[in-house]
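For reference, the structure is listed below as structure tokens.
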Amino acid sequence: MQASRQTSIEAITIVIADDHPVIREGLVEIFKSQKDIKVVAEASDGEEALALCNRLCPDVLLLDLRMPRKDGLQAITELAECRIGNPRVIVMTTYESEEDIRRALKAGAKGYLVKGTPPQQIRESVRRVAAGEAVIPPMIAAKLVESMARADLSARESQVLRYLANGRSNKEIGTILVISENTVKAHVKSILTKLDAIGRGEAIAIAIKRGLIKPVH
């Protein structure tokens, strides 16, 4: 971190980014009585969060993953590429799927909290992240470790899986992806093995639970 950041007499500056006003208000209230933490701005979407961070250079950005214009993952990735206005990021979200956790940490987040975390734990997480630590609660860390032990789906397998979830047949998937039906069958077999699923339905359910694909409405 830059030398101008937190010292023994300076408050930790944070920007809060969430598209729900009630959530932002609640988080601001959590920090209001803390002399060593100061909320300097609020953002309602990822684009606004990036602009505020570039202008204010806060120590910590506390943000949600699902936001309009630019989501949390996009914001984290772009901030990691900047040389200025690059705060330490804590993700605070209702989503805790394995894939969400992996993507957020891979993008550069230093902390990952679930909404509903006790206020004191949130405050301590901000202090620890500002001091250079990574903050991953045991429940989140356990999911991350479990996911790392599994084989990742390839890009093509992920494509096939999404089409399976949309109810496409092997033949239809082959036509869309311009590959043979036998190749599709091979990908499906590999998907079932990697997800430890008996059939397509179970593979889709497991993939949704882990955050590999989104539920079909």
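Values quoted throughout were computed directly from the atomic coordinates according to the rules given, and no laboratory measurement underlies them. Everything quoted here is computed from the prediction, not taken from an experiment. Heads up, the Cβs are rebuilt from the backbone with ideal geometry, glycines too, and the neighbour counts pull from every protein chain shown.
One table, with the values for the structure above:
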read-out	value
The stretch 103-115 - phi-based ³J(HN,Hα) in whole Hz, Karplus 6.51/-1.76/1.60, Gly and Pro as x	5, 5, 5, 5, 6, x, 5, 9, x, 9, 10, 9, 4
Net length gained if the chain between SER97 and GLU181 were fully extended (0.36 nm per residue, minus Cα distance)	27.1 nm
Helix-only [θ]222 nm of the chain, DSSP H runs n ≥ 4, -39500 (n - 2.57) each, per residue, nearest 500	-15500 deg cm²/dmol
Per-selection Rg to Rh, the stretch 155-210 - Cα, Kirkwood hydrodynamic radius	0.93
Cut-off 12 Å between beta-carbons: net charge of the residues surrounding LYS214, Lys and Arg +1, Asp and Glu -1	+2
Separation of alpha-carbon centers, the stretch 104-137 and the stretch 16-41, rounded to whole Å	15 Å
Modelled FRET efficiency - R0 22 Å, GLU29 with LYS106, Cβ distances, 0.05 increments	0.10
Student exercise, the stretch 155-210 dipole from Lys, Arg, Asp, Glu Cβ charges, in Debye to nearest 20	80 debye
Exposure proxy order (Cβ contacts within 10 Å, fewest to most) of LYS143, LYS189	LYS189, LYS143
Per-residue Cβ neighbour rank within 10 angstrom, fewest leading, ARG168, ARG69	ARG69, ARG168
At 1.002 mPa s and 20 °C, Stokes diffusion of the stretch 13-119 via Kirkwood alpha-carbon radius, µm² per second	159 µm²/s
Degrees between helix 138-148 axis and first principal axis of the chain (Cα, 0 to 90, nearest 10)	40 degrees
Listed pairs LYS70/LYS214; LYS38/LYS110; LYS115/LYS209; LYS106/LYS189 exceeding 22 Å between Cα atoms	LYS106/LYS189
The chain, relative contact order in percent, only Cα pairs under 8 angstrom and at least six apart counted	14 percent
For ILE204, ILE176, ILE213, order by how many other beta-carbon atoms lie within 10 Å, fewest first	ILE176, ILE213, ILE204
Hydrodynamic radius (Kirkwood) for the chain, which is based on Cα pairs only, to one decimal in Å	18.9 Å
